[in-house]
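The next block holds one structure in the form of structure tokens; read it before the comments.
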Amino acid sequence: MSILRKGRYVTGIESREMLGMMEQLRYNGLDHLPATRTRRISHMRVKLQLVLCSDAGQEETVTEVITLNKNNQCIEHLGLTLAEAKQLLSTLQRHLLQHQVDTFLDSRFTCPDCGALLKVKAHTSRSFRTLFGTCTLDSPRLEHCDCTRRKTVSFRPLSALLTESVAPELLYMEAKWSSLVSYGRSLEALKEG
Ligand SMILES: [Zn+2]
């Protein structure tokens, strides 16, 4: 699986028409006309999409990650704010994790010995803390197939992937920060950052 992030921005609903018009004006050598500037819309909608691709590069799913409404009338409007960056990263993290977990679980729903579909015994969930937010993920309990003798009746396949409830990188950052400041304050700083 490879993942691409695609950024597309749309300056208002007339953007396509405006682009067409600009091209036409350029073709006619008239793109310097002030009339083309007055049609620019000060408000900008930025849509970010997560495009998941197969190894062959074929687009499989396109998910809207976030839509930002941006102005451009003063210096404070420029670029991303901290709040937008945090929202963007946490939303992206949630979609990415969910897709990775779903892909992992898909391959665990069949018996490795005979290929039979396994029954869901219970629906449970797991929480996973990462640098970009805590995600709650579905973790079904499946019944083992009775074609082979096993030690347990059921199992949760996600436990093989989520061996910890905290991402290694977050653990590392927490340890690093706690060596510099008190533990409580480093946790606070990580949350704020
Ligand atoms: Zn089986």
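The values are calculated or read from the model by the stated rules, or taken from the named source; none is laboratory data. For clarity, every value in this text was computed on a predicted model and none was experimentally measured. Cβ: placed from backbone, ideal geometry, glycine included. Neighbour counts: every protein chain shown. Ligands, DNA and RNA are excluded from the accessible area calculation, which covers all protein heavy atoms including side chains. Shrake-Rupley method; radii C 1.70, N 1.55, O 1.52, S 1.80 Å.
For the condition under 30 Å from residue 146 (Cα atoms) and open to solvent by less than 60 Å² (accessible area, probe 1.4 Å), what is the one hit in 92, 88, 105, 68? Quick ask: steps written out before the conclusion?
Values: 92 fails: under 30 Å from residue 146 (Cα atoms); 88 fails: under 30 Å from residue 146 (Cα atoms); 68 fails: under 30 Å from residue 146 (Cα atoms).
Result: 105 is the single residue among 92, 88, 105, 68 that is under 30 Å from residue 146 (Cα atoms) and open to solvent by less than 60 Å² (accessible area, probe 1.4 Å).
Residue-level analysis places residue 133 among those that are more than 16 Å from the ligand (Cβ to nearest atom) and surrounded by 17 or more Cβ atoms within 10 Å (Cβ to Cβ). Mind checking which residues of region 138-152 are surrounded by 11 or more Cβ atoms within 10 Å (Cβ to Cβ) and either more than 11 Å from the ligand (Cβ to nearest atom) or not in a loop (DSSP other than H, G, I, E, B) (or both)? If the condition is that a residue be surrounded by 11 or more Cβ atoms within 10 Å (Cβ to Cβ) and either more than 11 Å from the ligand (Cβ to nearest atom) or not in a loop (DSSP other than H, G, I, E, B) (or both), then 138, 139, 140, 141, 142, 143 are the ones that fit. Looking at 118, 52, just one residue is in contact with a strand residue (DSSP E or B) (Cβ under 9 Å, 6 or more places away or on another chain), within 16 Å of the ligand (Cβ to nearest atom), open to solvent by less than 40 Å² (accessible area, probe 1.4 Å) and touching a residue at least 24 places away in the same chain (Cβ under 8 Å), and that residue is 118. Please specify each residue of region 60-115 satisfying the condition of being within 16 Å of the ligand (Cβ to nearest atom) and under 18 Å from residue 138 (Cα atoms). Matches in region 60-115: 107, 108, 109, 110. Pairing each residue of region 155-180 that is part of a strand (DSSP E or B) with any residue that is open to solvent by 70 Å² or more (accessible area, probe 1.4 Å), provided the two are 6+ apart or on different chains, yields C-beta distances under 6 Å for 166/129. Being assigned to a helix (DSSP H, G or I), touching a helix residue (DSSP H, G or I) at 6+ places or on another chain (Cβ under 7 Å) and more than 30 Å from residue 43 (Cβ to Cβ), is that true of even one residue in region 88-97? Within region 88-97, not a single residue is assigned to a helix (DSSP H, G or I), touching a helix residue (DSSP H, G or I) at 6+ places or on another chain (Cβ under 7 Å) and more than 30 Å from residue 43 (Cβ to Cβ).
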